[in-house]
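The values are calculated or read from the model by the stated rules, or taken from the named source; none is laboratory data. Computed from a predicted structure; not experimentally measured. Note that each Cβ is placed from the backbone with ideal geometry, even for glycine, and that neighbours are counted across all protein chains shown. For the accessible areas, the whole protein counts, side chains as well, though only heavy atoms, and no ligand, DNA or RNA atoms are used. Shrake-Rupley method; radii C 1.70, N 1.55, O 1.52, S 1.80 Å.
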Amino acid sequence: MSKSTHGKELHRGLEERHITLMSLGAAIGVGLFLGSATAIKMAGPGILVGYAVAGLIMFFIMRALGEMAIQKPVAGSFSKYARDYLGPLAGYITGWNYWFLWVVTCMAEITAVGIYMEYWYPDVPRWIWALTALVVMATVNFLAVKAYGELEFWFALIKIVTIIAMIAIGVGMIIFGIGNGGIATGIKNLWENGGLFPNGIKGVLLSLQMVMFAYLGIEMIGVTAGEVKNPEKSLARAIDSVFWRILIFYVGALFVIMSIYPWEEIGTKGSPFVLTFEQIGIPGAAGIINFVVLTAALSSCNSGIFSTARMLFNLAQHGEAPQNFAKVTKSGVPGVAVVASAGALLIGVVLNYIVPAKVFTWVTSIATFGAIWTWGVILLSQIRYRKTLKQTEAKALKYRMPLFPYTSYIALAFLAFVIGLMAYNPDTRIALVIGPLFLVFLVAVYYAKGFHKRESIQDNAEERVS
């Protein structure tokens with residue numbers, strides 16, 4: 001790379017295995033290890049239906065994103081697609097909203113780090129661990145993107161190997177009675193404790209907010225599009241494989257857990273992952289799992305700082321964030337943007353002084369609102385993108401949304417339905433106050449700063465040139 005491009009361009013240093021594991025790593029965080037216990041309490045074994053249906057909707061959203069990302073692989077992709085197909089204001093709001101949702105999510109992750117470290121160091125204040133996690137993860141994000149991708153690959157691998165081991169051990173217990181004195185447990189626990197839907201369909205519906213939070217992070221593949229080698233091949237394979245793997249991990253792990261233990265007991269006697277490993281006599285199982293969930297939280301926070309920095313970089317390139325955020329280091333990392341995102345996360349450290357029990361639910365529901373906005377924008381951008389294509393161009397697409405346009409509209413309707421459920425549930429209602437307030441604030445800044453005038457000047461200039 002010539003010297004003149006230093007400070008301007010991101011480097012394409014990510015390989016297919018990096019982005020596949022990064023999006024898995026982003027999605028397998030506190031949503032599975034902490035959030036699933038909350039969802040099971042609401043829905044019982046019926047939660048499996050919730051994860052499966054939400055998983056199918058996420059598959060449609062990812063295919064919609066893939067359709068655009070493979071044709072136009074850019075950093076901060078869905079913010080750019082929103083700008084191109086829905087207008088400058090939509091691109092601006094989506095970029096800042098995605099930054100906000102990951103800052104909020106990372107607050108949940110560093111809070112979780114503090115909780116997990118209490119297992120080994122009960123006397124050390126939680127905020128110290130949250131601050132340490134933040135400093136370490138921000139430092140990691142200054143590595144060249146290939147080194148960052150490598151580290152995230154191993155972080156995510158630890159979680160995945162643990163989940164696969166737990167599923168394998170669980171299946172051994174269910175079929176052969178391993179760890180249960182040779183008595184096969186079978187899967188009768190799925191329906192013997194009040195049926196498959198002990199709290200009715202209403203329980204499953206109310207759990208959908210936590211289910212959708214669990215899937216938050218899959219769209220990370222779109223953010224990495226500007227730094228992927230061979231985007232056409234890597235993105236298509238990563239999108240398809242990530243969906244199936246996450247479905248296997250979530251539905252598979254929870255199926256096994258709820259088959260072995262009555263659903264009412266899950267979360268009351270410690271982590272179901274710990275219980276499963278202890279059952280077959282692995283010494284120090286609780287310590288091992290605590291280490292795994294700790295790396296899960298760190299990995300998800302790592303991905304969050306990565307994606308927020310790329311969004312700030314993209315916004316700065318369009319003049320909608322301070323120009324310093326568009327500067328990159330010699331190793332091709334948007335350094336100032338990384339520092340700014342880490343700085344915002346200090347609020348999460350402060351919250352650890354005053355964190356009551358409800359904060360985890362509040363933070364996850366605010367993040368879910370932000371994610372639903374992002375996913376909705378991806379679908380709307382893709383619908384508009386298709387309208388810009390001639391029939392021959394649409395047929396020639398290398399990677400297509402199946403059953404378009406029906407699947408795009410079904411996915412949009414599902415997202416609107418989840419927002420309605422969040423309004424109905426008093427615990428998650430706060431997200432529908434804070435989320436829209438932040439969007440209104442962004443619109444006010446957009447017009448106060450005169451960004452709308454600049455866009456119209458640009459449009460007029462382009463018309464004169466053409």
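Quick look at the numbers
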{"item": "Count - residues of region 181-191 that are modelled with pLDDT of 85 or more and surrounded by 13 or more Cβ atoms within 10 Å (Cβ to Cβ)", "result": "5"}
{"item": "Helices (runs of 4 or more DSSP H) contained entirely in region 352-439, each with at least 2 residues that are open to solvent by less than 70 Å² (accessible area, probe 1.4 Å) and under 18 Å from Ala39 (Cβ atoms)", "result": "359-388, 406-424"}
{"item": "Selected residue (criterion: farthest from Thr364 (Cα to Cα)) from residues of region 166-180 that are open to solvent by 30 Å² or more (accessible area, probe 1.4 Å) and free of Cβ contacts under 8 Å to residues at least 12 places away in the same chain", "result": "Phe176"}
{"item": "Failed item in (1) modelled with pLDDT under 80; (2) surrounded by fewer than 15 Cβ atoms within 10 Å (Cβ to Cβ); (3) of a type in the set (D, E, K, R), with Lys202 passing the rest", "result": "(1)"}
{"item": "Top-ranked residue of region 281-309 - restricted to ones that are open to solvent by less than 10 Å² (accessible area, probe 1.4 Å) and of a type in the set (A, V, I, L, M), ranked as nearest to Ala340 (Cα to Cα)", "result": "Ala309"}
{"item": "Matching residues in region 205-225 - criterion: being open to solvent by 10 Å² or more (accessible area, probe 1.4 Å) and over 16 Å from the mean Cα position of the chain (by Cα)", "result": "Leu205, Leu206"}
{"item": "Qualifying position, being hydrophobic (A, V, I, L, M, F, W, C), open to solvent by less than 20 Å² (accessible area, probe 1.4 Å) and in contact with a Cys (Cβ under 7 Å, 6 or more places away or on another chain), among Leu312, Leu345", "result": "Leu345"}
{"item": "Scan of region 77-115 for residues that are more than 30 Å from Ile378 (Cα to Cα) and open to solvent by less than 20 Å² (accessible area, probe 1.4 Å), ordered by number", "result": "Val113, Gly114"}
{"item": "In region 128-139, residue least open to solvent (accessible area, probe 1.4 Å) [restricted to those that are over 19 Å from the mean Cα position of the chain (by Cα) and either within 29 Å of Phe313 (Cα to Cα) or among the acidic types (Asp, Glu) (or both)]", "result": "Ala130"}
{"item": "Residues being part of a loop (DSSP other than H, G, I, E, B) and either open to solvent by 80 Å² or more (accessible area, probe 1.4 Å) or modelled with pLDDT of 85 or more (or both) - total across region 322-333", "result": "3"}
{"item": "Residue in region 256-270 that is open to solvent by less than 50 Å² (accessible area, probe 1.4 Å), touching a Gly at 6+ places or on another chain (Cβ under 8 Å) and modelled with pLDDT under 80 present", "result": "no"}
{"item": "Filtered residues of region 31-61 (kept if of a type in the set (Val, Ile, Thr) and either open to solvent by 10 Å² or more (accessible area, probe 1.4 Å) or more than 14 Å from the chain's Cα centre (by Cα) (or both))", "result": "Thr38, Ile40, Ile47, Val49, Val53, Ile57"}
{"item": "Any hit, region 305-316, residues being outside any helix (DSSP H, G or I) and of a type in the set (Val, Ile, Thr)", "result": "no"}
{"item": "Positions within region 440-451 being surrounded by 13 or more Cβ atoms within 10 Å (Cβ to Cβ) and modelled with pLDDT under 90, in sequence order", "result": "Lys449, Phe451"}
{"item": "Subset of region 270-300 [outside any helix (DSSP H, G or I) and without any contact (Cβ under 8 Å) to a residue 60 or more places away in the chain]", "result": "Gly270, Ile282, Pro283, Gly284"}
